[in-house]
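Below is one structure, written out as structure tokens, with a few remarks after it.
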Amino acid sequence: MTDQTFKTTINWTEYWDGADDETRTKTAPAAQLTLDPLESFVETVAQPGAVADVGCGPGTVPFRMAERFPEADVVGYDAAEPVLQENRERAEGEGHHNLAFEQTVLPEFDPGRSFDLVTCFYTLTYVEEIEAALAALYDAVGPGGHLVLTYHNRFAHRHFQRIAEDPHEHLGPESPWDPDNFADRFELLVEGENLLSHERIHDTLGTWPRSIWSVAGEDERYAAWRHNPMVYVPK
Ligand SMILES: C[S@@+](CC[C@H](N)C(=O)[O-])C[C@H]1O[C@@H](n2cnc3c(N)ncnc32)[C@H](O)[C@@H]1O
């Protein structure tokens, strides 16, 4: 499948089609940023029986959760079929019998079942109807479960606006982002159209989010935590 079939600022199907290792690594921020605090969270707060990671990309979170909780049922979801197919082949090759990958395109997420833990990292920033997406993710959390997410806030808005004014000046060779398409890729964020805040999450879900840092270790706090909070919402 190479046709873009969903509305977004970047063609994720093309992006993942034949992506090399470098692309996979630079499109997996969860590996460096959210995996350790998520592991602290699940150790401290609740060991999940069923996990969904939405916008899973190359599957950092689902692969780790499936390894860590062999009894848990883990599903990685993404909009782009090519990355899901690669993940399925890897899961089969590594013998993960508790791990599946399925397509969903936020704001739609209707898995027909509930999960103890639903995670969504570095994906909502590409979704225009962010409140609908947030509500759908939370709907899939069962009673006593948790939604854990990262989001971009008004500080990120200013930061990304500055970069978008002159991406070649601001983005060096180590940047995970291509300066030539930065402004298009982050259009929703740069335009301030899909920013979240503690208040907006509360108003959408009816429950206050809590900072992951109230649970995870200070040494796991990543540098951009003010711009790009990581929170959990209990159900
Ligand atoms: C920056 S990557 C993040 C991958 C992973 N969550 C991580 O943090 O390592 C964003 C992922 O979201 C997926 N994505 C983009 N728009 C989406 C949508 N509307 N619904 C579901 N997934 C989407 C992309 O295909 C991509 O794999």
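The values are calculated or read from the model by the stated rules, or taken from the named source; none is laboratory data. This structure is a prediction, so every number in the text was calculated from the model and none was measured. In this analysis, Cβ positions are derived from the backbone assuming ideal geometry, glycine residues included, and neighbour counts consider all displayed protein chains.
Observations
- For the range 104-172, the helices (runs of 4 or more DSSP H) that sit wholly inside it and include 3 or more residues that are buried (at least 24 other Cβ atoms within 10 Å of the Cβ) are 130-139.
- All conditions in (1) surrounded by 22 or more Cβ atoms within 10 Å (Cβ to Cβ); (2) closer than 22 Å to Glu22 by Cβ hold for Pro82, with the sole exception of (1).
- The residue pairs whose first member lies in the range 199-216 and is part of a helix (DSSP H, G or I), whose second member is small (Gly, Ala, Ser) and modelled with pLDDT of 95 or more, and whose beta carbons are closer than 7 Å, counting only pairs six or more residues apart or on different chains, are Thr204/Ala135; Leu205/Ala135.
- Output for the range 26-59, where each listed residue is at pLDDT 90 or above, of a type outside the set (Gly, Ala, Ser), surrounded by fewer than 19 Cβ atoms within 10 Å (Cβ to Cβ) and more than 10 Å from the ligand (Cβ to nearest atom): Asp36, Glu39, Glu43, Thr44
- Every residue from the range 131-165 that is small (Gly, Ala, Ser) and either touching a strand residue (DSSP E or B) at 6+ places or on another chain (Cβ under 9 Å) or without any contact (Cβ under 8 Å) to a residue 60 or more places away in the chain (or both): Ala132, Ala133, Ala136, Ala140, Gly142, Gly144, Gly145, Ala164
- From Asp184, Asp180, residue being modelled with pLDDT under 95, within 16 Å of the ligand (Cβ to nearest atom) and within 26 Å of Thr25 (Cβ to Cβ): Asp184
- The range 13-25, residues that are more than 10 Å from the ligand (Cβ to nearest atom) and touching a residue at least 40 places away in the same chain (Cβ under 8 Å): Asp17, Gly18
- Qualifying residue in the range 81-102 (condition: in a loop (DSSP other than H, G, I, E, B) and under 29 Å from Asp184 (Cβ atoms)): no
- Qualifying position, being in a loop (DSSP other than H, G, I, E, B), over 19 Å from Leu38 (Cα atoms) and of a type in the set (A, V, I, L, M, F, W, C), among Trp225, Trp177: Trp177
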